[in-house]
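Okay, so here's the structure we're looking at.
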Amino acid sequence: MLKLKHSLLALVSVAALCGATSASADQFEIYDGTNWIKNGVVSFLGPTSATYLGNTVPCDANFTVTLTNGVGAVTGAAFTGSSTCNGITVSASPSNPWPMTPSHYTGPNPPFTGAPTLTTTIWGVAISNVRIYLPPPLNVYCPSSTGTASINGALDSTWPSNMFVFKGALGACAVQTRAGGALRSTVPVRVVP
């Protein structure tokens, strides 16, 4: 019986530790005009580019980000600027989101060559489960027709700036915010510990 009590005590301790860890995870919030809230939708708009085999497609992007209890995910993306941009399709949808994971940022500012200098406070943001299709003349899935990859970015959580920049490889493709540009949120966004 004593062994059972010790086992139960250990199990409860581990469960409490896991609960405390998840409760302290960084979360996104948006401002609704009155309060900071953890549920809602925000768009990030701005110049991006995708490159495959030295061919670069500059586009204007509109990422739809949905927050659920402080957890962010890209649930849609649209591209404009040319017929190629208009033909880009993404795997992100409400039923297949691209999870966004914030973290404390300790890197350089600007975060990469060509990115604008961000104001403080800066948060790292990893976006996972990413797959896009670049239509003809490129005609390629990035990273592949069935695989996904992650890209990393940095979020300036100071309004009215709220700039988000990213750069990453999706297999043989490269995606990023265009030189000197950033995606900007339509409402204030911040990350809270």
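Taking a ≥ b ≥ c as the square roots of the eigenvalues of the Cα gyration tensor of the stretch 32-141, is the shape rounded (a/c under 1.5), prolate (a/b larger than b/c) or oblate? Judged from the Cα gyration tensor, the stretch 32-141 comes out oblate (a/c at least 1.5, b/c at or above a/b).
Only protein heavy atoms count here; under a 1.4 Å probe, Thr68 has an accessible surface of about 80 Å². Its alpha carbons considered, the chain gives a radius of gyration followed by a Dmax of 19.3, 72 Å.
Give the distance, in whole Å, between the Cα centre of the stretch 38-92 and the Cα centre of the stretch 111-187. First find each Cα centre; the distance between them is then 9 Å. Taking Cα atoms only, the orientation of helix 2-23 departs from the longest principal axis of the chain by about 30 degrees. May I ask for the percentage of alpha-carbon pairs in the stretch 116-193 that lie more than 16 Å from each other? Summing the P(r) tail past 16 Å for the stretch 116-193 gives 56 percent.
Three principal axis extents describe the C-alpha atoms of the stretch 149-193; from largest down they are 35, 26, 13 Å. The GNM of the chain, with springs linking C-alpha atoms under 10 angstrom apart, assigns the highest mean-square fluctuation among Ser161, Ser150, Ser82 to Ser82.
The values are calculated or read from the model by the stated rules, or taken from the named source; none is laboratory data. Note that this is a predicted model, so its numbers are computed, not measured. Just the protein is used for accessible areas: all its heavy atoms, side chains included, with ligands, DNA and RNA removed. Shrake-Rupley method; radii C 1.70, N 1.55, O 1.52, S 1.80 Å.
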